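Take a look at the structure set out below.
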Amino acid sequence: MDLKGAEIRNILEMCMSIGTKSRVPLKVNIPYYQRPYRWDEKRINNLIADFYKNKTENANAEYFVGSVVLVEDTNIHNRYDIIDGQQRVTTVFLFNYLLFLLQRSYVEEMISTKGSNLDGPLKDLEEIYGSLLGSKHLDAFSKMRNDIIEKMENLSDLEETERDQVYTDIAELYRKTVFLPERDFSNLDRYFDEYENLQMKFIESDTLALSYSRKTFDITLGKALAKVCVIVSKDDNPKLKIIGETEKTDINILQYTNAIKYEFNAINKLLQLKEKPLHNTRQILRFMKEFLENVRFCVIMTGNERDAYTLFEVLNDRAMEIDDLELIKNLFLKAYCNTSGDLDVIIDKNIGILDQIWGDEVFTRDLSDAHKKLISYLGTLYFTADESTFTNKIQRYREIIENKYLKIYSSNTVKYEFSKALNDIRVYQMLRIIIEEYKIPVRNAAVACIRAENNPQVSITYKAFHLLNALKLDGVLPALTNIIIRQFMNQMETSGIKEVNISEFKTYITAIKDDYQHNSNNREHREIHELAFKLWKAALLCKDYEIPREIAKKGLQNIYMKKWNPSGVMIDVETQSKMIQQFREWIQTWQYNKSGVADLKVKVLFINLFKTKINDEKTELTFDKTVYSFMTDKLQLDHMEARNPDFSNKAKHFAPVDLHELREKYIDSLGNMMILDSDNNNEKNNKPLAEAMGYYEDMCKGHWLNGFTTTMLNDYHKNVSIDGVEFKVPTEQFFNERGSRLRTYFEKIIARDFDDKKVMIKE
């Protein structure tokens, strides 16, 4: 690693060679691919309040605010690209700019009130200007200070009118040098207009010590700084005014102006100044200087960007936190900036487009952290097909994309054109659209899954998304998202279209979702549905994620960077056999436990069984989506024979013949299960099975499963007579036989092939 060194420094010492003690003006550049300034009032208040608390407890203590990682720009002397810490550095830069404005206005007021001690305040102003705001006018500042001191040396020998003229001359020289309008507050609107115009000239006449590679950001920062006005008066405490501030002000300008306003308000709130205005001003100035002197960064310098990013990740130990999404975006922006060959003005414009899509259309503030992470993961798998990548906090998505996808652009021999960068950023937008259009939730995933399975007018692809999400099979999802996006890209490229049309993608996604007939006339749709069905089937049959993941891996390998070939994801005989065996093992031993993956699977199995007809010979099941669709999504896995019987009618309820057997062995078994809507379930309560049958019929009148259960009860029961009324109470054989039949039915309907409309069953 090309590590140049690290030292603890304040903002004024930040950009100097490691090991030197000389004071060097700050020159920090924020690269093209860094995000805009975004610190809010809370963060700014916390920074200032924490410093104040630290200062109160120990007057001489330094206040450490974290690390800053810099890379020296070899093309521009003493300029450094900031890789980590730009939000904190920008905040402190704005703090120092506020100090400059306050010091400048304080000196102006002292001149206006014919103050005699100007040398110290002028030196302070010159130092602030030279260290943070630029260097071109330092000579002019120095000359101004010397001229003012020289003019004041002989004031005592002059008549009053002559002294007044000297102060008038000094004021004019001062305002001209520091770009201030004439001090006339009788018409504030006119004053502020003149002030803003002069401030823009002032800022444009020099190079700010904080700069952006993106010229539009430089311009935005300049416009923001020009709008900030501080007025110091002997008659009132310092006032801060943001000129022309409205609700329509550009949000990026507001970020800077608001930050300065938050800083100003926080200082005044902490100090609670109650002395005379000029004394209060000096107190504020003293506090701000102490802040800039004692707020310290651990400044780390490296010889190249790669090492800088490595250090960033090590120092922060957050390879995939949500805030680090910018690191992923930066890879694409950096590749474009470094290799495209476009003019700076074009790069600036295009970077703005990419940045806007990323921040305003994909990873917006209203997007949940879980969805941000999922989209990042799916994007990584789209670009790399790296099946070793999982959705966890350790995986470094940025490194994977950089090493396995964008590496070919690192040598600058292959151009990463804007159209390519745009389409790559759009991939993340397409992934978000899939998640939103398919209503894939973060919470209540099981409920959404049941809703999808119960909906007869959505495709198997839609159902597969929800099942995989509910079963937490994130590692299987990329196979689906990859084929969907690749099919769209293939269609686009075949048509000669170079840039992704998001509106067309939304239409495409909706069509796939609504293609519940799995239209064989649309080859692309069918290929997607075939893969979705295989994944859906594997998720239901298998005991865990391993086999579904292997099928997904085949899909990833087959889809990546080439046209989809459905024959590439065949489930071989051996794998099919393993899936069936795993299903038989877990369904045979399944017992109700009120929650979990297995219970959800059983619900899904019942819903699909309800979508079948049985022939008269009871040897064949026919699939028909129109057979039955539940009128509610509130479906519960129900105990037909009550789990908690009404002991006042104990004789009506099942009890094992063998007193040593546990009742729960039968009650919680598959043979006692049915799905029932919550309304009927609540009304059914703890009624005995013979009385409960009517509720299942009420939910789904005439369905063969009800008849099947009734037949089972007729075949396997004991008669109990209570007050002359006969009751059928299920026996052990009822639960065993019904469970065995259900296991057979479930296996047949899930293990079928995609095109199977019927399956044979054995009685």
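Just so you know, all these numbers are worked out from the coordinates, no wet-lab data involved. Everything quoted here is computed from the prediction, not taken from an experiment. We place every Cβ from the backbone using ideal geometry, glycine too, and count neighbours over all the protein chains shown.
Cα axis of helix 369-384 to longest principal axis of the chain: angle in degrees, 0 to 90, nearest 10?
With both axes taken from Cα atoms, the answer is about 80 degrees.
Can you run phi through the Karplus equation (6.51, -1.76, 1.60; θ = phi - 60°) for the range 78-93 and list ³J(HN,Hα) in whole Hz, with x for Gly and Pro?
6, 10, 10, 7, 9, 9, 9, x, 5, 5, 5, 5, 4, 4, 6, 4
By how many degrees, 0 to 90 and rounded to 10, does the Cα axis of helix 502-514 deviate from the longest principal axis of the chain?
Orientation of helix 502-514: about 20 degrees from the principal axis.
Taking every DSSP beta bridge with both residues inside the chain, roughly what % is antiparallel (nearest 5)?
In the chain, approximately 75 percent of DSSP beta bridges are antiparallel ones.
Using the alpha-carbon centroid of each, what span in Å lies between the range 458-498 and the range 573-624?
25
Peptides 476-485, 155-164, 377-386, 662-671: what's the order by average Cβ count within 10 Å, highest mean first?
Highest-to-lowest ranking by the protection proxy: 476-485, 377-386, 662-671, 155-164.
For the range 672-681, what does the Karplus curve 6.51 cos²θ - 1.76 cosθ + 1.60, with θ = phi - 60°, yield as ³J(HN,Hα) per residue in whole Hz, taken in order and with x for Gly and Pro?
So the J values, rounded to whole Hz, are 9, 9, 7, 9, 8, 5, 4, 4, 5, 5.
Which entries in 618/684; 554/578; 334/407 show an alpha-carbon gap greater than 21 Å?
From the list (618/684; 554/578; 334/407), the Cα-Cα distance tops 21 Å for 618/684.
So what's the back-of-envelope 222 nm ellipticity for the chain, counting only DSSP H runs of four-plus at -39500 (n - 2.57) apiece and dividing by all residues, rounded to 500?
-17500 deg cm²/dmol
Would you kindly derive the ³J(HN,Hα) couplings of the range 178-190 from the backbone phi angles with the Karplus curve 6.51 cos²θ - 1.76 cosθ + 1.60 (θ = phi - 60°), listing them in order in whole Hz, with x for Gly and Pro?
Computed from phi, the couplings for the range 178-190 are 9, 6, 10, x, 4, 6, 9, 9, 5, 10, 5, 4, 5 Hz.
Between residue 84 and residues 5 or more places away or on another chain, which pairs have amide H atoms under 5 Å apart, with H built 1.01 Å from N, and which residues are they?
For residue 84, the qualifying residues are 69.
Going by amide H atoms built from the backbone, whose H comes under 5 Å of the H on residue 73, apart from near neighbours?
Hits under the 5 Å cutoff: 79, 80, 81.
Relative contact order (percent) for the range 320-437, with alpha-carbon contacts under 8 angstrom and 6 or more residues of separation?
Reported relative contact order: 46 percent.
Taking the alpha-carbon centroid of each part, what is the distance from the range 637-715 to the range 175-238 in angstrom?
Taking the Cα centre of each part, the range 637-715 and the range 175-238 sit 80 Å apart.
For the Cα atoms of the chain, what angle does the longest principal axis make with the long axis of helix 546-559, in degrees from 0 to 90, nearest 10?
So the inclination is approximately 60 degrees.
Using the Cα gyration tensor of the range 573-696, with a ≥ b ≥ c the square roots of its eigenvalues, what is the shape: rounded (a/c below 1.5), prolate (a/b larger than b/c) or oblate (neither)?
Oblate shape, in that a/c is at least 1.5 and b/c is the bigger or equal ratio.
Fully extended, how many nm does the chain gain between residue 282 and residue 3 (0.36 nm per residue separation, minus their Cα-Cα distance)?
Gain on extension, residue 282 to residue 3, equals 96.2 nm.
Multiply the residue separation of residue 62 and residue 413 by 0.36 nm, subtract the distance between their alpha-carbon atoms, and state the gained length in nm to one decimal.
Net length gain for the segment: 121.6 nm.
Which shape class applies to the range 128-200: rounded if a/c is under 1.5, otherwise prolate when a/b exceeds b/c and oblate if not, where a ≥ b ≥ c are the square roots of the Cα gyration tensor eigenvalues?
Oblate is the answer for the range 128-200, as a/c is 1.5 or above yet b/c matches or exceeds a/b.
If the limit is 18 Å between Cα atoms, which of 114/151; 4/215; 136/176 go over it?
From the list (114/151; 4/215; 136/176), the Cα-Cα distance tops 18 Å for 4/215.
Tell me whether the chain comes out rounded, prolate or oblate; compute the Cα gyration tensor, take square roots of the eigenvalues as a ≥ b ≥ c, and use a/c under 1.5 as the rounded threshold.
Prolate shape, in that a/c is at least 1.5 and a/b is the bigger ratio.
Amide H neighbours of residue 727 under 5 Å, at least 5 residues apart or on other chains, H built in the peptide plane: list them.
Residues meeting the amide H criterion: 720, 721, 722.
Output the pairs from 223/349; 603/757; 123/269 with a Cα-Cα distance over 23 Å in this structure; if there are none, say none.
123/269
Which value, in debye to the nearest 20, describes the size of the charge dipole of the chain about its Cα centre when Lys and Arg Cβ atoms bear +1, Asp and Glu Cβ atoms bear -1, and nothing else is charged?
Values: 106 positive and 116 negative charges, 371 e Å.
It comes to approximately 1780 debye.
Within the range 149-195, list the chymotrypsin sites (Phe, Trp or Tyr not before Pro) lying in a DSSP loop whose Cβ has at most 13 other Cβ atoms in a 10 Å radius.
Loop-located and lightly packed - 185.
Out of the range 324-381, which trypsin sites (Lys or Arg not before Pro) are coil in DSSP terms and have no more than 16 other C-beta atoms within 10 Å?
365
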